[in-house]
Each structure stands twice: as structure tokens, then as C-alpha cells.
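Heads up, the thing below is written out as C-alpha cells.
The values are calculated or read from the model by the stated rules, or taken from the named source; none is laboratory data. Everything numeric here is computed off the predicted structure, so don't read it as measured data. As a convention, Cβ positions derive from the backbone with ideal geometry for all residues, glycine included, and neighbour counts pool all protein chains shown. Side chains are part of the model used for accessible areas, which takes the heavy atoms of the whole protein and leaves out ligands, DNA and RNA. Shrake-Rupley method; radii C 1.70, N 1.55, O 1.52, S 1.80 Å.
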Amino acid sequence: MERKPVVLKRTDWAVDEHEWRGRFEGGEFGANVTVLFFSSDTIGAGPPLHVHPYDEVFIIRQGRARFTIGAETIEADAGQILFGPAHVPHKFVNLGPGRLETTDIHLSDRFIQTEIEEPKK
């Protein structure tokens, strides 16, 4: 069976008309990928510690971020790409100054995330 091209409008995936924030799940149109767009001007902003049952690729499009992937801490700049293996807890925060924008590719047809309580220091 031949698959047809799919065109998503910004209103199909974005949560804001001015920022690159939102996601689309490929399962809706037969693709085995889900893509998240993150954008924030707030230093320290980012997702909480969490895990996925599939691999994830992070593309830093703008700004600087501190990623924690498993036991590793990595400072990443615009233009860098990081790989997060399945079942490995991870998070990132905007280091500033200015906006952090990432495109996060989840190798799954749907978004699955389990948040993890961070250990007390």
C-alpha cells in the first residue's frame, strides 16, 4: 500500500504561535518517530529527570544547555547533537544567556515518558 505525504501545519503541533514548542507523534500518520520542540528564555528551564523506553536524539538549535544523561553531565552548544539511550534517565536545563531551542527526536511512534524523582542531595 502506497503511503501519501503528510503536511502538518504549525497549529497541528505547536503550543505557541511564536515559539518552537510542541510535538507531533508519528503514529498518527504511520511513522516510527515522535518529535518534540523545546524553547525557553528562562535560565534553568528544562524538563525534569525522566526516562523513555526508546532512544532519543537531542539537536541543540540555539543556546547552551547542561544535559544529564545517566551519570554523565554534558554542556552542549548550538549545533551539537547528543544521543540518549533507551531506559537511561536524563534531563537538560537552559544555561543561558538567552534562549535555548532544541529539537528532540524520539524513536517511537508515540510519546512515552516516566518522570523520576531526583535523589536528595
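In the context of the full protein assembly, THR114 retains an accessible surface of approximately 80 Å², using a probe radius of 1.4 Å and ignoring ligands and nucleic acids. Across every direction, the projection of the convex hull enclosing the Cα atoms of the chain has a mean area of 8.4 nm².
Using C-alpha pairs below 8 Å separated by at least 6 residues, the relative contact order for the chain is 32 percent. The value of relative contact order for region 1-64, using C-alpha pairs under 8 Å at least six residues apart, is 18 percent. Highest average first, the peptides 94-101, 13-20 ordered by how many other beta carbon atoms sit within 10 Å of their residues are 94-101, 13-20.
Shape class of region 17-80 from the alpha-carbon gyration tensor: oblate, with a/c at 1.5 or above and b/c at least as large as a/b. Heavy atoms of the protein chains alone define the surface here; on that basis the chain has 62 Å² accessible area per residue at 1.4 Å probe size. For the charge dipole of the chain, defined by +1 on Lys and Arg C-beta atoms and -1 on Asp and Glu C-beta atoms about the Cα centroid, which residue among LEU107, ALA71, PHE38 has the Cα displaced farthest towards the positive pole? Positive-end residue among those listed: PHE38. Dipole check for the chain: with +1 at the C-beta of Lys and Arg, -1 at the C-beta of Asp and Glu, and the Cα centre as origin, the magnitude is about 100 Debye. Where only DSSP H runs of four or more residues are counted, the chain gives -500 deg cm²/dmol as its mean residue ellipticity at 222 nm, each run worth -39500 (n - 2.57).
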